[in-house]
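The values are calculated or read from the model by the stated rules, or taken from the named source; none is laboratory data. On a predicted model such as this, the values are computed, not experimentally measured, just so you know. Glycine gets a Cβ as well: all are built from the backbone with ideal geometry, and neighbour counts include every protein chain shown. Heads up: the accessible areas ignore ligands, DNA and RNA and are worked out on the full protein's heavy atoms, side chains in. Shrake-Rupley method; radii C 1.70, N 1.55, O 1.52, S 1.80 Å.
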Amino acid sequence: MSDARIIRIKSRLSSAIGRGGITAKEAIARADAAVEGIRQTLVDAIDAILAEMEVRFGESSPDGSEGDYEALYALASNIIDASACLNGSLIDKAAYALCDMVDLSAERGVWDRQTVEVHIMVLRLLRNGGPDMLPARRRRVVEGLRLVTAKRIGDVEAARTAKAAKSAKGV
Amino acid sequence: MAGRQILSSDRIDLERVNILIVDDNPQSLDIMYSALSGFGVRNITKALSAREAREVVRKTTLDLIVTDAEMPEENGYDLLRWLRREGGDPNRFAPALICTGHTRLSQILLARDCGAHFIITKPFTPKVLLERIFWVGREDRPFVECEAYVGPDRRFKRLGPPGGVRGRRKEDVSAALGEATEPNLSQDEINSFMKPAKVAI
């Protein structure tokens, strides 16, 4: 085991805290207002990402992007990044579930088109749901995504393992 | 102290600090820029990749670095790892926050070992970002430098070693407490600790 060196550093940031300037309340209010100013840009960005997702990976997409984990993961991540503007929609949670699913699928070498499509449909549903879609329903829909992933990815993997075992036995 | 909630009346003056924000997603960079501007930060440098960020680190004295974790060519974890080991003075020990929307299974250890002060989960609100800035500014965590890790001491919660494991700190309680060296307390003695008693004042 190597020796550890302990170094004490006084950061310049520490002198910015505690005196002068503005209050935390004021800072947060100004920042909230500044972020609200770019809200529409963020909403437009989410719509564009969702449209791209549907074209490349949705129900009516060709098989071209099948297995492109990285591209789908990047699109879902970008939705999470911009989703602060749709607070309460739970679109970030659905995008997170999609990231989880893609990560798990990539790790196991499984690509289940139906699971991908369901995630994209739920993202669209949450985006278009508007205020009529109650929070409890939104939560149930997102929770459903986790169940779909657990079941479908497990099923696809099990089927693949069974097929491999059969062919190894020459059945 | 890190971890304490900020009070509405806490004060902050970020006018003169230099902050570098790194994210390959322009929208994400815009959110961060807007929030920091709202806090009163005037010197914010944007970088769209780890490569751009390295150039800034080499040329500018930074008071805070906020980087995205997931970036296509080089991720934020590797950027911070480089910063802590090869970033050079004065930025090698600069406070650093890492932002992530989703952490891949394969990157959990990278996140733990990269040398960031705190992780911010996306989508974040300005309140959370300000809270982390307060935490970083208030804390007095030393840096640890060894072969496997360079960064702020990760043992800041002072939870002690896991059960049954011998701690390496002087103040860690021994894993085995050993046999009692004195007789057990009687039930009366135990009761006397809890029994209310009249006190003459």
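Across all Cα pairs in the stretch B:36-106, the calculated P(r) in 5 Å bins from zero up to the longest distance comes to 3, 15, 28, 27, 15, 9, 3, 0 percent per bin. Solvent-accessible area per residue in the stretch A:42-171 equals 50 Å², computed with a 1.4 angstrom probe and all protein chains kept. Packing, taken as the mean count of other beta carbons within 10 Å per residue, orders the peptides B:29-38, B:185-194 from highest to lowest as B:29-38, B:185-194.
Just the number, please: carbon plus sulfur as a percent of the accessible area of the protein assembly as shown, 1.4 Å probe, no ligands or DNA/RNA counted.
Working: 10930 of 20680 Å².
After summing per-atom areas, the C and S share lands at 53 percent.
Using a probe of 1.4 angstrom and keeping all protein chains present, the accessible surface of the stretch B:18-152 works out to 37 square angstrom per residue.
Think of each Lys and Arg Cβ as +1 and each Asp and Glu Cβ as -1; about the Cα centre, that makes the dipole of the stretch B:1-140 roughly 220 debye. DSSP finds beta bridges in the protein assembly as shown, and of those with both partners inside it, around 35 percent are antiparallel.
Using the Kirkwood radius over C-alpha pairs as Rh, can you work out the diffusion coefficient of the stretch A:1-155 via Stokes-Einstein at 10 °C, viscosity 1.306 mPa s, in µm² per second? Please list the in-between numbers first.
Values: Rh = 18.1 Å.
The calculation lands on 88 µm²/s.
With distances taken between every two different alpha-carbon atoms, chain B has a Kirkwood hydrodynamic radius of 19.7 Å.
All C-alpha to C-alpha distances of the protein assembly as shown, sorted into 10 Å bins beginning at zero, yield P(r) values of 5, 19, 25, 21, 16, 9, 5, 1, 0, 0 percent in whole numbers. Between A and B, roughly 4300 Å² of accessible area is buried in total, ligands, DNA and RNA not counted and the probe set to 1.4 Å. Past 22 Å, Cα to Cα: identify those pairs from A:25/B:59; A:10/B:46; A:93/B:127, in the order given. Going by Cα-Cα distance, A:25/B:59; A:10/B:46 fall outside the 22 Å limit. Using a 1.4 Å probe on protein heavy atoms, which residues of the stretch B:132-156 have at least 40 Å² less accessible area in the complex than alone? With the partner chains in place, the stretch B:132-156 has these residues losing at least 40 Å²: B:137, B:142, B:143, B:145. Net charge dipole, the stretch A:20-162: roughly 600 debye, given to the nearest 20, about the Cα centre with Cβ charges of +1 for Lys and Arg and -1 for Asp and Glu.
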